[in-house]
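The values are calculated or read from the model by the stated rules, or taken from the named source; none is laboratory data. Only a predicted model underlies this, so the values are computations on that prediction, with no experimental measurement involved. Note that we place each Cβ from the backbone using ideal geometry, even for glycine, and neighbour counts take in every protein chain shown. Just the protein is used for accessible areas: all its heavy atoms, side chains included, with ligands, DNA and RNA removed. Shrake-Rupley method; radii C 1.70, N 1.55, O 1.52, S 1.80 Å.
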Amino acid sequence: MPDDHSSASRDLSPRSRGEVDVDAGPSASTLDGSFDGSAERPWHSWERIPAEVTVVLDHHGCVPKEPFVAGATAPRTRRRGDEVFQRAGAWAVDRTRLVIVEAVRGLEPVDGPGHRFRPHTPWRLGVSSHPFVGEVRQRSGMVAVEVAAAADSAAGSLDDDAPEIIDVLPAPVRRQVLTTVAEPLVAEDYLYQGVRNDIPRLHEAGLLRATTETMIAVLALRSIRVPRRMTQAEAEVALAAAPWHVQTLTARLGPVEVTELASYEQDRAIAANIPPELSGGATRHELT
């Protein structure tokens, strides 16, 4: 385990993902991506699901007590006729079930210049719980990476052709994931970089692929020790070459259990939904 880390449709629905080759060879490099995205905004991670939503989910037993891996989908604004709304989502896997949350709330225009909106309905929540049946298989271990040469950022490919998150994982892990669930109906992932004093120190990757019958979830962590005079660039290179501590969980899925819920306006007593800090006060940035 890395030593610098602390840790609508309400059924499985298709998600569009990039094609990934099982025999793609060396891992892609995180040096070819950018970690400029903020992981602290609402819905950008499982810990950042708004408090008015988590309170309701917890009250109805829809929040896994000890998630194996969990993530969220940032809100997107949509328009349907005269209706404007936001759609967000979340997912979590523990040792007994897969939980998928889809959240929708209405928006209304704000008086004044610009096309601004504000919420005018609570979040409407659709929660799908897929219990595991039969044997739940788990594997874990340290896995080295064979990183392909990073792209030349001067050529302008850094933001235009950033790697898929699954590409960054070691080849043996990619093969296990892609052979277990070759054609997923649900494919979710995240990759965060933990930073302290502007120096990157750790990566955390989470991944889910599922059909109506089978799912595989991955939690991968890696970190480096940072000497006093290590620069940001040197740390990025060292972290990109560090081995991953990988845990996988594979299970067959039973019949889905669907719950319809609605959030309420956040009470002042709930306070801000502040996520747990990484060890040493590190902050997180997501891959963009």
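Listed values for the range 77-92 are Karplus-derived 3J(HN,Hα) couplings in whole Hz (6.51 cos²θ - 1.76 cosθ + 1.60, θ = phi - 60°), namely 8, 10, 10, 10, x, 8, 8, 10, 8, 10, 10, 9, x, 7, 8, 8, and x replaces Gly and Pro.
Residues M215, M230, M142, sorted by accessible area with the largest first, give M142, M230, M215 [1.4 Å probe; ligands and nucleic acids excluded]. With a 1.4 Å probe rolled over the protein heavy atoms of all chains, the accessible area of D198, D94, D82 falls in the order D82, D198, D94, largest first.
Each of R174, R209, R196, R252 has its accessible area taken with a 1.4 Å probe; listed largest first, they run R252, R196, R209, R174. Sites listed here are GluC sites (Glu not before Pro) in the range 208-268 whose DSSP assignment is loop and whose Cβ has at most 11 other Cβ atoms within 10 Å: E265. Taking a ≥ b ≥ c as the square roots of the eigenvalues of the Cα gyration tensor, an a/c ratio of 1.5 or more together with a/b no larger than b/c marks the range 28-84 as oblate. Shown in residue order for the range 165-181 are the 3J(HN,Hα) couplings computed by the Karplus curve 6.51 cos²θ - 1.76 cosθ + 1.60 at θ = phi - 60°: 4, 4, 5, 6, 6, x, 4, x, 5, 4, 4, 4, 5, 6, 7, 6, 10 Hz (x for Gly and Pro).
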